[in-house]
Amino acid sequence: MNILEGNITRLRPVEPSDIDLIYQWENDSSVWQMSNTLAPFSKHVIEQFIETAHQDIFQTKQLRLMIDKTDLSNIETIGTIDLFDFEPLHMRAGIGILIAKETDREKGFASDALTTLIQYCYNTLLLHQLYCNICSDNTSSINLFTRKGFELIGIKKEWIRTTEGWKDELMFQLVNQKWSEI
């Protein structure tokens, strides 16, 4: 079994053929709040990102992997999972995840991909801890990360400004010893 293969998903590097999907997802304004995006990305910028995606995480301090759902009939790319703010000295990184289509959410794909990435982070990258920031009204993500053992470690009050007003952002952390106990 591939180290980046879960039970129902596999994580793979970004390929040039992913440009249209990434362009579509990065320019979907409904998810901009989660990624602190304010403006659309050009295809040129995404092409440049893909051209450098092969670089080592120790150089770029980030890693984007595509999430493929796997079954016997076909393989389909349904999202991305990212490591960001990679700090090799302190052995930590942030995690972000996107399952693009509503119809693919709440079906275990994000959970499977997250488990696979956590195992990779702790067993291959030898990280000590992972963290994520989640808007306080994103109950699906809160539930996903807490089921994996992430603990709420802080609340950033009125951190995210939206058209509806201010929202809190929650910070969750998973320390390696806690993961091995799950």
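For the residue pairs Lys69/Lys167; Lys61/Lys157; Lys107/Lys167; Lys69/Lys156, alpha carbon separations beyond 29 Å are given by Lys69/Lys167; Lys69/Lys156. Full extension of the chain between Gln55 and Ile3 yields a length gain of 16.8 nm, computed as 0.36 nm times the residue separation minus the alpha carbon distance. A crude spin-label estimate for the pair Glu164 and Ile75, with each label 7 Å from Cα along the Cβ direction, gives 3.8 nm. Annotation: the residues Cys121, Cys135, sorted from fewest to most other C-beta atoms within 10 Å of their own C-beta, follow the order Cys135, Cys121.
Cβ crowding within 10 Å, taken as a proxy for footprinting-reagent exposure, orders Trp25, Trp166, Trp159 from fewest neighbours to most as Trp166, Trp159, Trp25.
Values in this text are rule-based calculations from the coordinates and carry no lab data. Keep in mind the model is a prediction, meaning the values are calculated, not measured. Cβ atoms come from the backbone with ideal geometry, glycine included; neighbour counts cover every protein chain shown.
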